[in-house]
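Take a look at the structure set out below.
Read the figures in this text as sums done on the coordinates, not as results from a lab. Keep in mind that what you see is a predicted model, and the values were worked out from it rather than measured. Methodologically, a virtual Cβ is constructed for each residue, glycine included, from the backbone with ideal geometry; neighbour enumeration extends over all protein chains shown.
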Amino acid sequence: MSKRSYELARRLELGALALEAFASSLTDLEWHSRLTGGDQRRIGVVIHHVASAYPIEIQLAQTLAQGKPIEGVTWDVVNKMNAAHAKENDRVTRDETIQLLRQNSAAAATAIRALTDEDLDRAAPVSLNANAPLTCQFIVEDHAVRHSYHHLSRIRAALQEQTLAVLTA
């Protein structure tokens, strides 16, 4: 295992642990409340989304690690996938979500640790990014590693906004 792959996997694990701890601290009302702005998914659904996305994100990284392009993945495809996930999982429970988060983040970290420095450096066109030739490491960082941090920040902001709205009403 390379030092880089170890550190990438560790950052993913820390993000997943932070998301898990936050999810565990939510009240039932918070778990079922919705994000604000354009994304109206329930908070619990968003956490489940992160957990569900790890295998896909790792598959994309492994594709690049093999020197193959990522084709057919566009923001339209991602948005449709996210909408379908939200509809199918609108009433997902905290316990099943946390279990999935633990399981899939552990599997993702294991897969990242299996990547060599050569794998991480390999680049190929990525349809999600205008066919820019991106490295496997970029995809790992921008998707699997960043995902939990990104949504945790958005969830915290939404809950803070909702709390301020109640306090100022």
Check your understanding: Excluding same-chain residues fewer than 8 positions from Lys87, which aspartates and glutamates have a Cα within less than 17 Å of its Cα?
Key -> Asp39, Asp76, Glu96
Practice item. Hey, could you get me the Stokes-Einstein D for the range 1-109, Kirkwood radius over alpha-carbon pairs, 10 °C and 1.306 mPa s, rounded to whole µm² s⁻¹? Key: 105
Practice item. Taking the chain as the reference, fit the longest principal axis to its C-alpha atoms, fit the long axis of helix 75-88 to the helix C-alpha atoms, and give the angle between the two in degrees, 0 to 90, nearest 10. Key: 50
Review point. Taking the Cα centre of the range 55-152 as origin and charging only Cβ (+1 Lys, Arg; -1 Asp, Glu), how large is the dipole, in debye to the nearest 20?
Key: 240
Review point. Can you give the calculated 222 nm mean residue ellipticity of the chain, where each DSSP H run of n ≥ 4 adds -39,500 (n - 2.57) and the sum is split over every residue, rounded to the nearest 500 deg cm²/dmol?
Key: -22500 deg cm²/dmol
Review point. Using mean Cβ contacts within 10 Å as the protection proxy, how do 35-43, 151-159, 135-143 order, highest first?
Key: 135-143, 151-159, 35-43
Revision key, fill the gap. Excluding residues fewer than 8 positions from Lys68 in its own chain, the aspartates and glutamates with Cα under 12 Å of it are Asp119
Practice item. Mind ranking 56-65, 70-79 by how tightly packed they are, going by the mean number of other C-beta atoms within 10 angstrom, highest first? Key: 56-65, 70-79
Point to revise | Helix axis angle, 43-65 relative to the chain longest principal axis, alpha carbon, degrees | key: 0
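Let me spell out the model: positive unit charges on the Cβ of Lys and Arg, negative unit charges on the Cβ of Asp and Glu, origin at the Cα centre of the range 3-168. What dipole size does that give, in debye rounded to 20?
For the range 3-168, the charge dipole is close to 140 debye.
In cubic angstrom, how much convex hull volume per residue do the alpha carbon atoms of the range 61-134 span?
Per residue, the Cα convex hull of the range 61-134 comes to 88 Å³.
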**Study point:** Rounded to whole Hz, the Karplus (6.51, -1.76, 1.60) HN-Hα couplings of the range 114-119, x for glycine and proline
**Key:** 7, 6, 8, 4, 5, 4
Check your understanding: Using a Förster distance of 41 Å, how high is the FRET efficiency between Arg94 and Ala169, based on the Cβ-Cβ distance and rounded to 0.05?
Key -> 0.90
Exercise for review: Any chance you could give the angle, 0 to 90 degrees and rounded to 10, that helix 94-113 forms with the longest Cα principal axis of the chain?
Suggested key: 20
**Study point:** Equivalent-ellipsoid semi-axes of the range 42-169, from the Cα gyration tensor, Å, largest first
**Key:** 30, 16, 14
